[in-house]
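Here's the structure we're looking at; comments come further down.
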Amino acid sequence: MDSTSNTHSFWSYVLRYGLYCIIALSCAVCLTLIISTPAEGITKKQQNAIMQNCTTIKQTIFQLQKVDSRTRTYLGTTYEMVLSRFIVPLNLRLVKNNRPTLPDIQSEFTTMQDQFRSEYTEYMRELETLAAVDCSVHPDEFYGRLQIVREKRANLHQTSETLSKLAEELYIKVTTLKDSL
C-alpha cells in the first residue's frame, strides 16, 4: 500500500469517526440544554420543574457523563494520533528533504491539544459538582452550576472546533505540497 492510500485511509477514518463524535457531542449538548431559563435567573415555576424532575435530570447528567467520557477518549486518541503519527513525522521528513515545514500548525495543534485536555478536565469536574447537587432541595444552586457547566462545555466545543480546523488546514497544505512535488 502506498503513502497516498495510507493518508487517504487515515483521513477517511478520522472523518468517519469524527462524524460520530460530532453527533455524540450534539446529543450531549441537547441533553444539557433541556433546562432553559431567562438570563435574569430562575423563576419559581422553573424551580418547581427542576425539583419535580430531579430524578430524570440526574439520570440525564449521568448519561451525559458516560457519553462525554467515551467522546473524550475518542477525540483525545484521535488528536494524539494526528499529532504523533502524522504532523510530527511529516515535519521531520520535510526537514530531511530540505522542504518548507509546517511548524505553525504543529505548534498550534500541540497548544490546542493541551488546552483540550485542560478544558475537558475542568468541564468534567464541574459536571461532577453539578451531579452532586441535590436539585430536589437546591434548585437555585443546581441552576447556577448548570450555567457553569454550559460555559465549560462551550469552551471545550470551541477548542475541539479549532483542532478540527487545524487538521483540515494541514490536510489542504499537505495536498498542495503533494501536488507541487
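The values are calculated or read from the model by the stated rules, or taken from the named source; none is laboratory data. Keep in mind that what you see is a predicted model, and the values were worked out from it rather than measured. Here the Cβ is made from the backbone with ideal geometry for all residues, glycine too, and neighbour counts use every protein chain on show. For accessibility, only protein heavy atoms count, side chains too; no ligands or nucleic acids. Shrake-Rupley method; radii C 1.70, N 1.55, O 1.52, S 1.80 Å.
Of the residues Thr110, Thr60, the single one that is open to solvent by 20 Å² or more (accessible area, probe 1.4 Å), in contact (Cβ under 8 Å) with a residue 24 or more places away in the chain and within 30 Å of Gln47 (Cβ to Cβ) is Thr60.
If you scan the range 63-82, which residues turn out to be buried (at least 17 other Cβ atoms within 10 Å of the Cβ) and either in contact with a strand residue (DSSP E or B) (Cβ under 9 Å, 6 or more places away or on another chain) or closer than 14 Å to Met112 by Cα (or both)? It would help to see each step written out before you state the result.
Just the residues of the range 63-82 that are buried (at least 17 other Cβ atoms within 10 Å of the Cβ), to begin with: 64, 68, 71-72, 75, 78-79, 82.
Once the filter is applied, which keeps residues that are buried (at least 17 other Cβ atoms within 10 Å of the Cβ) and either in contact with a strand residue (DSSP E or B) (Cβ under 9 Å, 6 or more places away or on another chain) or closer than 14 Å to Met112 by Cα (or both), the range 63-82 yields Leu75, Thr78, Tyr79, Val82.
Here Asn91 meets the list (1) within 21 Å of Gln147 (Cα to Cα); (2) in a helix (DSSP H, G or I) almost entirely, failing just condition (1). Sort out which residues of the range 84-121 are more than 12 Å from the chain's Cα centre (by Cα) and among the hydrophobic types (A, V, I, L, M, F, W, C), and write them in order of number. If the condition is that a residue be more than 12 Å from the chain's Cα centre (by Cα) and among the hydrophobic types (A, V, I, L, M, F, W, C), then Phe86, Ile87, Val88, Leu90, Leu92, Leu94, Val95, Leu102, Ile105, Phe109 are the ones that fit.
Would you mind stating whether Glu169 is within 19 Å of Gln113 (Cβ to Cβ) and either modelled with pLDDT of 95 or more or open to solvent by 70 Å² or more (accessible area, probe 1.4 Å) (or both)? So Glu169 passes the test. Restricting the first residue to the range 83-102 and requiring it to be farther than 16 Å from Tyr171 by Cβ, which pairs with a second residue that is outside any helix (DSSP H, G or I) and not basic (Lys, Arg) meet a Cβ separation below 7 Å and a spacing of at least six or different chains? That search, which allows pairs on different chains as well, returns Val95/Thr101. Taking the range 113-149 on its own, how many of its residues are touching a helix residue (DSSP H, G or I) at 6+ places or on another chain (Cβ under 9 Å), more than 30 Å from Leu170 (Cα to Cα), assigned to a helix (DSSP H, G or I) and open to solvent by less than 60 Å² (accessible area, probe 1.4 Å)? Looking only at that region, the number is 10.
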